[in-house]
Amino acid sequence: MAGRRAATPEIGRALVAAVARREAAVAATGFDLTGNNPGQENIRGGLSTIEEKSLGAIAKGGTRPIQGVLAIGEEPAAPGLHVMDAPAFSPESLTGFAASGAALMLFTTGAGNSFCNALAPTLKISVRPDTCAQLPHQIDFDGSDILAGRIEIAAAGRRLLDLIRATASGDLTWGEILDEGEETFIRTGGSL
């Protein structure tokens with residue numbers, strides 16, 4: 001699947017190689033990610049496997065061709081969608097995105113996650129009604145009206161784009177207001 005979404009066969013091979021490296025790194029430790037990723041909050045939310053969680057990440061990436069595979073902190077050489085071969089752990093991945101030059105983070109969350117990047121505003125996005133209700137001072141974009149059928153996805157997308165523009169123009173995110181940002185680097189060698 002990743003190969004078909006890649007802009008070139010070389011990029012497709014790089015995507016498959018990145019996944020294979022992560023799988024081999026896990027296997028080499030003898031560690032089993034079952035029950036660890038997806039985490040317990042993901043499992044309570046209905047996910048049963050890392051593959052299901054990964055499909056969500058793929059869907060969030062849209063439909064445009066993948067233009068490249070970047071190392072952690074590597075700046076894209078051209079515009080377009082890129083994938084970073086980096087840890088999936090939120091603090092490490094957001095730090096990698098900031099190091100690569102990302103100026104604004106869009107962070108989707110189901111159960112809620114208070115981590116925010118210190119260098120780039122982090123917009124927290126959720127469509128889960130319980131999360132949006134329980135964490136009103138963490139979720140910057142409440143998309144729960146989509147699930148309730150009160151708003152069309154296109155209209156919600158326009159609202160989100162307006163929020164992105166406002167944030168890029170200086171409006172503060174909840175993470176900035178609450179001073180929650182920090183950076184986290186890979187702890188001991190490569191992270192799984």
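Every number here is computed from the coordinates shown, using simple stated rules; none is lab data. This is a predicted model, so every value here is computed, not measured. Note that each Cβ is placed from the backbone with ideal geometry, even for glycine, and that neighbours are counted across all protein chains shown.
Computed quantities for the displayed model
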{"quantity": "Gain upon complete extension [Ala88, Val19; 0.36 nm per residue less C-alpha separation]", "calculated": "23.7 nm"}
{"quantity": "Backbone HN-Hα couplings from phi across the range 40-46 [Karplus 6.51/-1.76/1.60, Hz, Gly and Pro as x]", "calculated": "4, 5, 5, 5, 4, x, x"}
{"quantity": "Glu152 paired with Ala77, simple spin-label distance in nm, labels 7 Å along Cα-to-beta-carbon", "calculated": "4.1"}
{"quantity": "Residue-wise HN-Hα coupling along the range 18-32, computed from phi with Karplus coefficients 6.51, -1.76, 1.60 (Hz; x: Gly, Pro)", "calculated": "5, 5, 4, 4, 5, 4, 5, 5, 5, 4, 5, 7, x, 7, 10"}
{"quantity": "Correct choice for semi-axes √(5λ) of the Cα gyration tensor in Å that was computed from the model, options (i) 29, 19, 15; (ii) 27, 20, 19; (iii) 32, 18, 16", "calculated": "(ii)"}
